[in-house]
């Protein structure tokens, strides 16, 4: 089959090149439509109860993650000139398309009692720019008396202040957000320049915008770095520009297909899919180097380009396909999850791994049978002395020092096991950004002055319609809110209770002493004022109505308590919710009909990471099963499955140990590594086992001699491949995203370890267990299906090539 395929490719080279060119042009046309995703990855299953409830919450109360905050700590902002510039900034931002509203000190409303109409009305504290510093100071005292805003806009301890912008979700979740964010930041930077007051930025819209921009920039950076790294590596190996230009051209064609396929499948680029073009380059180049090194090896034997290339395709076609299959397994397991971001990543990568195999096995034979034959200098890499010495050392260890190898492997495994026990699963909302990034430093500013900006929501269900009109229920909610205020990582809550307290303060002419819930004698007055306020025309009259709609349902049964929380990490968040907040809720609501449920973007994001890690663990198990199945199909031997999987388990164990000793946490980006590494590392196992079987079948050699030949011939291409992959994945270490950097470092470490496991440990296992250390041949009937009977077919092959030349 593979001989006929090779002949078909060479004979129909013009047709195939034209077909590939046409498809590439089409894919390039589609690729220009690719878009970035503007949503945080939804990694919790859509039918998960918490996700279902969160979607219900958003329909009821609206988005909780659409607030962008700008903060400052500079007392000069309360000087007349700069305060008026702040007022101008606030007014300007409120007119930006896509901004639904801006809450700022300069345009704060306060509730006033209208005794004539028996309603509450919202009146701006600042009716216009203050005319003097004295007027400003007087109005700021009024601002500070509004207890409702304490801790929300002005820090009561440090004096820091912020502006809160509510963004329209229609802009937030589309490509128009980029223009909105650019306009907002442009106005903010001009304010900084004019006033010399530094602004800090936070909120999910800002984090998402920053991450999206960085993903786009890094995707281009990684493709460029990967191409440069691969070019240098290929030039170092093969010492000819043709061996650099054409393999890179092949993988760039595959990259175009990759991006085009994303568009055709309706996917957008996110943090994971943005890595695929670089990964495809790294994975695609070994196909080319493997073909090219074997082509050089066979050309030196035969002296005939076409014959050498056809032999290569015939001999290694099936093995290379299986190698690509094991690589694809590392990604295809993600397709069996119901997590969109993993499914897309796995599907696009899997398809394009096979595309890389197909394109390289078509174009490499065509190109290198047209080009001039390799010169003697270009074939020198086959006899590289350092490489030969290294492989001879490996051969010595395998044949003479197996006990040392096993003891070393056992010691390393024990040390790795200790390291694995140190690995902790923890993730943060801005996990992937470096600690010294502006996003993280700004986030620390808001955590220091306002306790945090990440959304956290609690919904209290009274159990009955109009249950929120009962004072005893409100008092219970108030007790819960008082407890929440004691938590240093939480902001002051905003709810119907705080709105009622503000109304009570307004009823008593704004006196801060009356910022409390109304008692039984006051309750009817307050509620009647609020009821009439909801029917007042105009924006100001409807402020209380908007407030109530945002924090209660239409039946007055459920109350929303809205808070912000510091980005304390998944472990600390789980401890806070499970060991502190939920027990306190149970204690306060015990013996009542009241129940409370925690929700919000922060909880869903954290749960999503835990869910994702669990999914990736099961994906690793599936990957082991699938790789074992591929080995079983290829070699038809249960024992060979053991030979293939044990060294790769050892590699993953050592990689996990490195994570533990270097304090790299288990999170989605690092859990992802193990399945990918298993797929890639499995290639080397299959490669060595295949060569070993060929030697045993075609030459009838004894085990020890077969191992020596296998190491000397297959070891070269395996080391080349590992070096290419190591250097290719190492470019991800330049990422600003912690997860991407960890991917690069851990994958590179895994590829170094796999050389030990597959070039030393695996051959040791073969010598020990295949037939011990005895000089005896194996039963060739068990491997006859793998023997291509090369020498018998070579005469036929030369006849076929001769006919092709005549035709």
Task: Residue count, region 704-732 (criterion: surrounded by 23 or more Cβ atoms within 10 Å (Cβ to Cβ) and more than 24 Å from residue 235 (Cβ to Cβ)) - done: 4
Open item on the list: Being part of a helix (DSSP H, G or I) and touching a helix residue (DSSP H, G or I) at 6+ places or on another chain (Cβ under 8 Å) is true for just one of 598, 626, 621. Which residue is that?
Closed with: 626
Open item on the list: Can you list the helices (runs of 4 or more DSSP H) lying wholly within region 485-589 that have 1 or more residues being at pLDDT below 85 and farther than 19 Å from residue 152 by Cα?
Closed with: 520-533, 543-551, 570-575
Task: Residue list for region 213-239, filter: surrounded by fewer than 18 Cβ atoms within 10 Å (Cβ to Cβ), over 26 Å from residue 741 (Cα atoms) and in contact (Cβ under 8 Å) with a residue 24 or more places away in the chain - done: 239
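Sort through 597, 636 and tell me the only one that's farther than 19 Å from residue 755 by Cα and assigned by TED's automatic domain parsing to the domain that holds residue 767. Full working, then the answer.
Values: 597 fails: assigned by TED's automatic domain parsing to the domain that holds residue 767.
Within the list 597, 636, the selection yields 636.
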Task: Extreme residue, nearest to residue 426 (Cα to Cα), among residues of region 622-638 that are surrounded by fewer than 16 Cβ atoms within 10 Å (Cβ to Cβ) and at pLDDT 85 or above - done: 625
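Each row is one residue, and each column tells you yes or no for (1) surrounded by 23 or more Cβ atoms within 10 Å (Cβ to Cβ); (2) out of contact with any helix residue (DSSP H, G or I) (no Cβ under 7 Å at 6 or more places or on another chain); (3) part of a helix (DSSP H, G or I).
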site	(1), (2), (3)
267	no, no, no
277	yes, no, yes
288	yes, no, yes
338	no, yes, no
378	no, no, no
Open item on the list: When the residues of region 6-48 are narrowed to those that are modelled with pLDDT under 85 and assigned to a helix (DSSP H, G or I), which ends up surrounded by the most Cβ atoms within 10 Å (Cβ to Cβ)?
Closed with: 6
- [ ] All but one of (1) buried (at least 19 other Cβ atoms within 10 Å of the Cβ); (2) over 22 Å from residue 34 (Cα atoms) hold for residue 251, so report the exception by its number.
- [x] (2)
Open item on the list: Given the criteria within 28 Å of residue 565 (Cα to Cα), within 40 Å of the chain's Cα centre (by Cα) and either surrounded by fewer than 20 Cβ atoms within 10 Å (Cβ to Cβ) or assigned by TED's automatic domain parsing to the domain that holds residue 155 (or both), does residue 413 qualify?
Closed with: no
Open item on the list: If I ask for residues that are under 14 Å from residue 197 (Cα atoms) and either free of Cβ contacts under 8 Å to residues at least 24 places away in the same chain or part of a helix (DSSP H, G or I) (or both), which ones from region 51-79 would you list?
Closed with: 75, 76, 77, 78
TODO: Inspect region 148-167 for any residue being in the same structural domain as residue 108 (by TED's automatic domain parsing), in a helix (DSSP H, G or I) and either free of Cβ contacts under 8 Å to residues at least 24 places away in the same chain or in contact with a strand residue (DSSP E or B) (Cβ under 7 Å, 6 or more places away or on another chain) (or both) and give the result as yes or no.
DONE: no
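Can you say whether residue 640 is assigned to a loop (DSSP other than H, G, I, E, B) and over 30 Å from residue 339 (Cα atoms), as far as the supplied structure shows?
Working: assigned to a loop (DSSP other than H, G, I, E, B): no; over 30 Å from residue 339 (Cα atoms): yes.
So residue 640 fails the test.
The values are calculated or read from the model by the stated rules, or taken from the named source; none is laboratory data. No experiment lies behind these values; they were computed from the predicted model shown. Positions of Cβ are generated from backbone atoms using ideal geometry, with glycine treated the same way; all protein chains shown enter the neighbour counts.
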